[in-house]
Amino acid sequence: MSKNQIIIALVVLCLVGTIWGSVQDKKSESLERELAALKEQATVTAPVADDTALSQAKSEIEALTARNKGLLENAATLKGTIASQEEELAALKKEAQTAASGSQGAEALRAQLEKRGEELKKLEQTLAATKAELEKKSAALAAAEETRAGLEEVKSTLANNVDVYSAKSQKLSAEVEEYTLRIRSLEKAL
């Protein structure tokens with residue numbers, strides 16, 4: 001059985017015990033009134049009544065007194081039972097409140113855990129996106145490094161070609177000067 005069902009059962013038992021106790025208390029009070037009335041009647045009618053009526057009234061009074069004592073004992077027992085059940089009910093209510101506060105704390109922790117889980121998922125998504133972007137940039141960097149290496153080769157080739165062409169240009173310039181001097185000398189000779 002769950003705690004709630006136990007609490008409900010104890011509450012019902014307390015109510016039944018309380019009702020039964022109040023009924024027995026009312027019966028006891030009515031019997032006490034009857035006893036008091038009989039005592040009054042016995043004292044009022046005692047001088048007039050004979051011994052048999054008096055002895056019959058005394059036996060009824062004793063029976064009613066015994067019955068009243070039994071009812072009072074039952075009422076006391078019921079009051080003790082009700083008191084113990086009320087104590088148990090208070091203890092169960094306290095346990096229920098503790099369990100409820102614990103479950104509220106657990107719910108708050110669950111909610112916080114779910115929130116942290118969502119934050120973690122977002123961070124994982126961000127991390128995945130960052131990794132993808134890093135891979136793209138790494139690939140672009142590798143391509144740029146290859147391009148730079150190719151450009152370095154082209155640059156060194158061009159530098160070599162420039163040196164070769166520069167040497168050829170100087171050689172041709174020297175030849176042009178030489179031919180220019182010859183042409184001048186030939187012009188003078190003509």
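The values are calculated or read from the model by the stated rules, or taken from the named source; none is laboratory data. Please read all numbers here as calculations on a predicted model, not as lab measurements. Glycine also receives a Cβ, built like all others from the backbone with ideal geometry; neighbour counts cover every protein chain displayed. Side chains are part of the model used for accessible areas, which takes the heavy atoms of the whole protein and leaves out ligands, DNA and RNA. Shrake-Rupley method; radii C 1.70, N 1.55, O 1.52, S 1.80 Å.
Listed values, structure above:
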quantity: Verdict on Ala76 being surrounded by 11 or more Cβ atoms within 10 Å (Cβ to Cβ), over 36 Å from the mean Cα position of the chain (by Cα) and of a type in the set (Gly, Ala, Ser); calculated: yes
quantity: Candidates Gly117, Gly105 - the one that is over 30 Å from Leu10 (Cα atoms) and within 38 Å of the chain's Cα centre (by Cα); calculated: Gly117
quantity: Condition check for Glu107: closer than 30 Å to Gln5 by Cα and either of a type in the set (Asp, Glu) or assigned to a helix (DSSP H, G or I) (or both); calculated: yes
quantity: Those residues of the stretch 127-146 which are modelled with pLDDT of 85 or more and of a type in the set (Ser, Thr, Tyr), in sequence order; calculated: Thr130
quantity: Neighbours by Cβ (under 8 Å, 6+ apart or cross-chain): first from the stretch 1-19, in contact (Cβ under 8 Å) with a residue 60 or more places away in the chain; second open to solvent by 60 Å² or more (accessible area, probe 1.4 Å) and of a type outside the set (S, T, N, Q); calculated: Lys3/Glu95; Ile7/Lys93; Leu10/Glu88; Cys14/Glu86
quantity: Out of Lys188, Lys137, sole residue that is exposed (fewer than 10 other Cβ atoms within 10 Å of the Cβ) and part of a helix (DSSP H, G or I); calculated: Lys188
